[in-house]
Amino acid sequence: MKMSTVVRTTTKLISPFLVTYAAYLMVYGHLSPGGGFQAGVILAVSVILLITSHGYKRVRKKFKFKEVGIIESSSAVFLVCIGLVGVLFGGFFYNFLNGGKFGSLLSGGIVPLFNIAVGLKVGAAFTFLFYILLRWVESD
């Protein structure tokens, strides 16, 4: 089913703002409501909106299945690395980055890094899942 020109144009305009908001939540999630999981869901929704409005085959050319898998696995490795580096300083996911005054970006220690990794992991995993479901539906 082909979507109307209005839907396709609106989706193209809204998706970059969703990605920007997701990036904001990843970085500043420790200072406001939100964080990595919410940012990841918003990131995936921006791609899923494009898929539903423009079609899977067209979007798949820009956001390749393999690249989404690489982002997902890389973010998982980054999460494990953050946890293991914390072991060297006192415990698994120990906050080894201190500094910054209260309320600033650097006041969160490893939390912004954790949120970025979780956001990329969740966003890529949901996109990956949607791709797999669409492949399954196409095969029927």
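Taking the stretch 93-134, which residues are at pLDDT below 85 and surrounded by fewer than 12 Cβ atoms within 10 Å (Cβ to Cβ)?
Asn98, Gly99, Lys101, Phe102, Gly103, Ser104, Leu105, Leu106
Pairs needed: first member in the stretch 67-87, touching a residue at least 12 places away in the same chain (Cβ under 8 Å) and closer than 16 Å to Val111 by Cβ; second member anywhere, open to solvent by 50 Å² or more (accessible area, probe 1.4 Å) and among the polar types (S, T, N, Q); C-beta distance under 9 Å; at least 6 residues apart or different chains.
Close Cβ pairs (under 9 Å, with a partner that is open to solvent by 50 Å² or more (accessible area, probe 1.4 Å) and among the polar types (S, T, N, Q)) amount to Gly86/Asn95.
Across the stretch 28-52, what is the total count of residues that are at pLDDT 90 or above, crowded, with 19+ Cβ neighbours inside 10 Å and not aliphatic (A, V, I, L, M)?
Counting residues in the stretch 28-52 that are at pLDDT 90 or above, crowded, with 19+ Cβ neighbours inside 10 Å and not aliphatic (A, V, I, L, M) gives 3.
Kindly indicate whether any position in the stretch 28-46 is in contact with a Lys or Arg (Cβ under 7 Å, 6 or more places away or on another chain) and over 29 Å from Thr11 (Cα atoms).
No, the stretch 28-46 contains no residue that is in contact with a Lys or Arg (Cβ under 7 Å, 6 or more places away or on another chain) and over 29 Å from Thr11 (Cα atoms).
Can you pull out the residues in the stretch 46-59 that are touching a residue at least 40 places away in the same chain (Cβ under 8 Å) and touching a helix residue (DSSP H, G or I) at 6+ places or on another chain (Cβ under 7 Å)?
The answer is Val47, Ile48, Ile51, Ser53, His54, Tyr56.
Sort out which residues of the stretch 1-31 are in contact with a helix residue (DSSP H, G or I) (Cβ under 8 Å, 6 or more places away or on another chain) and not in a helix (DSSP H, G or I), and write them in order of number.
Hits for the stretch 1-31 are Met3, Gly29, His30, Leu31.
The values are calculated or read from the model by the stated rules, or taken from the named source; none is laboratory data. Not measured: the values here are computed from a predicted model. Reconstructed Cβ throughout: ideal geometry from the backbone, glycine too, with neighbour counts over all protein chains shown. In case anyone asks, the SASA skips ligands and DNA or RNA and just uses the protein heavy atoms, side chains included. Shrake-Rupley method; radii C 1.70, N 1.55, O 1.52, S 1.80 Å.
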